[in-house]
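Trainee: Before I ask anything, let me first share the structure, which is written out below as structure tokens.
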Amino acid sequence: MSGIPEEGSKAPDFTLPALSPEGEEVEVSLSQFLGQGKMVVLYFYPKDNTPGCTTEACDFRDSMNRIGDKAVVLGVSPDSLKSHAKFKEKHGLNFYLLSDPEKKVLETYGAFGEKKMYGKVRMGVIRSTFVIGPDGTILKRWRNVRAKGHVDKVLQELEKLGG
């Protein structure tokens, strides 16, 4: 595994299949959102429709009126587009959901690796969030995120960055 992209470094570009905020199946590249004056909130989560991931996704959904003019939100998990569609529909999610079943982007961003849970070490998705500037620079990153209250921290950071 390569090093995790640091704050101040260039965010690695990628292209993944995704569901758009409107629910259409599309291909999404990080680069398509850069240079438009908005930041990108790229967040990695383990699994659709699990308690923590639902909390985090619904917090992003409920905050889109405050985030939308500053940033585009991209949620990434190893789940399929079919799973994403159910998750999106069930919770009325209003941002992009990207599918990374091979975990290539997850690994590139250091969001897949060893996790300790209940004293056992296993491989899994490490809940992580990156705020990427319009020029593609990583402005802020969080690792091992606690879902509850995390979106508030992201909002505070976006306010601070003055997006």
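The values are calculated or read from the model by the stated rules, or taken from the named source; none is laboratory data. Keep in mind that this is a model prediction, so the values were computed, not measured. All Cβ positions, even for glycine, are placed from backbone atoms using ideal geometry, and neighbour counts span all protein chains on display.
Trainee: Being under 11 Å from the mean Cα position of the chain (by Cα), in a helix (DSSP H, G or I) and not basic (K, R): is that true of F87 here?
Mentor: no
Trainee: Any chance you could count how many residues in region 118-163 are assigned to a strand (DSSP E or B) and either in contact (Cβ under 8 Å) with a residue 24 or more places away in the chain or among the polar types (S, T, N, Q) (or both)?
Mentor: Looking only at that region, the number is 12.
Trainee: Being not polar (S, T, N, Q) and not in a helix (DSSP H, G or I) is the filter here; which residues of region 70-84 pass it?
Mentor: Of everything in region 70-84, those that are not polar (S, T, N, Q) and not in a helix (DSSP H, G or I) turn out to be K70, A71, V72, V73, L74, G75, V76, P78, D79.
Trainee: Among what's in region 111-135 and is more than 19 Å from I67 (Cβ to Cβ) and within 15 Å of the chain's Cα centre (by Cα), pick the residue that is surrounded by the most Cβ atoms within 10 Å (Cβ to Cβ).
Mentor: Filtering first and then ranking leaves A111.
Trainee: Scan region 65-84 for residues that are surrounded by fewer than 16 Cβ atoms within 10 Å (Cβ to Cβ) and either touching a strand residue (DSSP E or B) at 6+ places or on another chain (Cβ under 7 Å) or of a type outside the set (D, E) (or both) and jot them down.
Mentor: Those that are surrounded by fewer than 16 Cβ atoms within 10 Å (Cβ to Cβ) and either touching a strand residue (DSSP E or B) at 6+ places or on another chain (Cβ under 7 Å) or of a type outside the set (D, E) (or both): N65, R66, G68, S80, K82.
Trainee: Do we have G92 as loosely packed, with under 13 Cβ neighbours inside 10 Å and either within 23 Å of L34 (Cα to Cα) or in contact with a helix residue (DSSP H, G or I) (Cβ under 8 Å, 6 or more places away or on another chain) (or both) here?
Mentor: Spelling it out, G92 is indeed loosely packed, with under 13 Cβ neighbours inside 10 Å and either within 23 Å of L34 (Cα to Cα) or in contact with a helix residue (DSSP H, G or I) (Cβ under 8 Å, 6 or more places away or on another chain) (or both).
Trainee: Can you confirm whether E25 is modelled with pLDDT of 95 or more, in contact with a strand residue (DSSP E or B) (Cβ under 7 Å, 6 or more places away or on another chain) and over 22 Å from N144 (Cβ atoms)?
Mentor: The answer is yes for E25.
Trainee: Does L16 satisfy being surrounded by 12 or more Cβ atoms within 10 Å (Cβ to Cβ), more than 24 Å from R146 (Cα to Cα) and either of a type outside the set (S, T, N, Q) or without any contact (Cβ under 8 Å) to a residue 60 or more places away in the chain (or both)?
Mentor: For L16, the condition - surrounded by 12 or more Cβ atoms within 10 Å (Cβ to Cβ), more than 24 Å from R146 (Cα to Cα) and either of a type outside the set (S, T, N, Q) or without any contact (Cβ under 8 Å) to a residue 60 or more places away in the chain (or both) - is met.
Trainee: Look at F87 and say whether it is closer than 27 Å to E157 by Cα, hydrophobic (A, V, I, L, M, F, W, C) and out of contact with any Phe, Trp or Tyr (no Cβ under 7 Å at 6 or more places or on another chain).
Mentor: yes
Trainee: Is it fair to say L98 is crowded, with 22+ Cβ neighbours inside 10 Å, touching a Pro at 6+ places or on another chain (Cβ under 9 Å) and part of a loop (DSSP other than H, G, I, E, B)?
Mentor: In short, no.
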